[in-house]
Amino acid sequence: MTDLLQGFEFAGIPSRVVFGAGTLAQAGAEVERLGHKRALVLTTPGQADDGAALARALGDLTAGTFFDAAMHTPVEVTQDALAHFRAVGADCVVALGGGSTIGLGKAIALHTGADQVVIPTTYAGSEMTDILGQTDKGAKTTQRGPEIRPETVIYDVDLTLGLPAAMTVTSALNAVAHAVEGLYAPDGNPILSMMGVAGIRAIRDGLPALRDAPTDRDARADVLYGAWLCSTVLGHVSMALHHKLAHVLGGSFGLPHAETHAILLPHTAGFNAQATAAQLAPVAEMFGGSVGGGLWDFARDAGAPLRLQDLGLTKADLDRAAQIATQNPYHNPRPFDAADIRTLLQAAWEGTRPDP
Ligand code: NAD
């Protein structure tokens, strides 16, 4: 929770949100509401059928489709998509998918100023943010800007019913990580802290049921609602050690996004909890009294991966990862040096339960 005497700033939440079940049917009305007539529909090859169905449902509002979105927004894919956007005379994008598809829509918006209607199908949380991560020749860079933030976000619980089990749990923990880091962010505020705590709680309540019943609509609704709240937090504050480490492991070692977040979270949150006991008290309360250990137990019970070594990171990579992660200074509530990070990474690599 923000220290009220230190003061805070809050400028509201700029994106329009439509949440519910069956809300995909409102996509056309939302395009028209923004004053547009020619949408480029985006998704990945794996979701091409859903993208094509959406394009058909939009009817005359569809100017074209582009189903080649890829992880970490490679600039060459963006160039192809931009060429298509211009060739079909599109005036907005409709992005249906996870963070990869949403990233492509943001990149098109950055270059063209196009409005975005975004329909997330994972819990990763890119949709409510003004952040774009792009890769060029293997190097990932991140930027923020108002033109990157989507104008309209449609959350449709029904689109998440088929999210594979592994992706469900890692993606939900990815969302929790945004809210945890938001609770101790120097630019946070009480409204965002409230949203973050509510987001974590909704995911804590909904996720366990999905292990045995992945199409439980009430549980899916809880987790998607939580993901929205956590994404909103991510979209308004700066992140710290957790997101830095995830960025390093993804960018420099090619580790998969959601799994890496899921494995790191108990270790980074447990590490920072020692300097942020008051801010993370609601998290400790929700997870059996301990931030790191409690999150680790929750992740294990939900079926999450627990060891970085299972993602292909070798023991020899740990020194270099610790060194890269401590090269440039950045805000973190608990001071650290390379040895601290090396110890943290070792524990995450082995999958040991953090204490506390
Ligand atoms: P993703 O978008 O790469 O999706 C992974 C795979 O799952 C894809 O093949 C996708 O088509 C498929 N998929 C997605 N939803 C599905 C569903 N409901 N059913 C079946 N398959 C489905 O994964 P992600 O974790 O959502 O996103 C990761 C990317 O998003 C990374 O590049 C990350 O950097 C970025 N990201 C950005 C931000 C931001 O604010 N800029 C925030 C979070 C994540």
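Every number here is computed from the coordinates shown, using simple stated rules; none is lab data. Everything numeric in this text was worked out from a predicted model, so none of it was measured. Here Cβ is always computed from backbone atoms with ideal geometry, including for glycine, and neighbour counts include all displayed protein chains.
If you plug the beta carbon distance of Ala277 and Lys137 into 1/(1 + (r/R0)^6) with R0 = 56 Å, you get a FRET efficiency near 0.85.
One quarter of the surface of the convex hull around the alpha-carbon atoms of the stretch 165-350 equals 9.4 nm², the direction-averaged projected area. Cβ crowding within 10 Å ranks Lys137, Lys37 as Lys137, Lys37, fewest other Cβ atoms first.
Tally the DSSP beta bridges in the chain and give the antiparallel ones as a percent, rounded to 5.
Of the beta bridges lying entirely in the chain, close to 20 percent run antiparallel.
A Förster radius of 22 Å combined with the Cβ-Cβ distance from Arg16 to Lys37 puts the calculated FRET efficiency at roughly 0.75.
Subtracting the Cα-Cα distance of Thr314 and Leu4 from their residue separation scaled by 0.36 nm leaves 107.2 nm. Non-local lysine pairs in the chain, meaning eight or more places apart or on different chains, with alpha-carbon distances under 20 Å, amount to 5.
The Cα center of the stretch 85-158 and the Cα center of the stretch 284-356 differ in position by 29 Å. Return the single residue from Arg300, Arg211, Arg33 with maximal mean-square fluctuation; model: Gaussian network over the chain, springs between Cα atoms under 10 Å. It is Arg33.
Calculated mean residue ellipticity at 222 nm for the chain: -16000 deg cm²/dmol, from DSSP H runs with n ≥ 4 weighted as -39500 (n - 2.57), summed, divided by the residue count and rounded to 500.
Assuming a ≥ b ≥ c are the square roots of the Cα gyration tensor eigenvalues, decide whether the stretch 180-223 counts as rounded (a/c under 1.5), prolate (otherwise, with a/b larger than b/c) or oblate. Taking the square roots of the gyration eigenvalues as a ≥ b ≥ c, the stretch 180-223 is prolate. Length gained on full extension, Arg86 to Asp60: 7.6 nm, using 0.36 nm per residue less the C-alpha separation. Between the helical axis of 257-273 and the longest alpha-carbon principal axis of the chain there is an angle of about 40 degrees. When the alpha carbon coordinates of the chain are projected onto the principal axes, the ranges are 57, 45, 41 Å, largest first. Taking Cα centre as origin and charging only the Cβ of basic (Lys, Arg, +1) and acidic (Asp, Glu, -1) residues, the dipole magnitude of the chain rounds to 340 debye. A cut-off under 15 angstrom between Cβ atoms defines the neighbours of His84, and their net charge, with Lys, Arg +1 and Asp, Glu -1, is -2.
Placing dummy labels 7 Å off each Cα toward the beta-carbon, the span from Ala166 to Ala338 is 3.3 nm.
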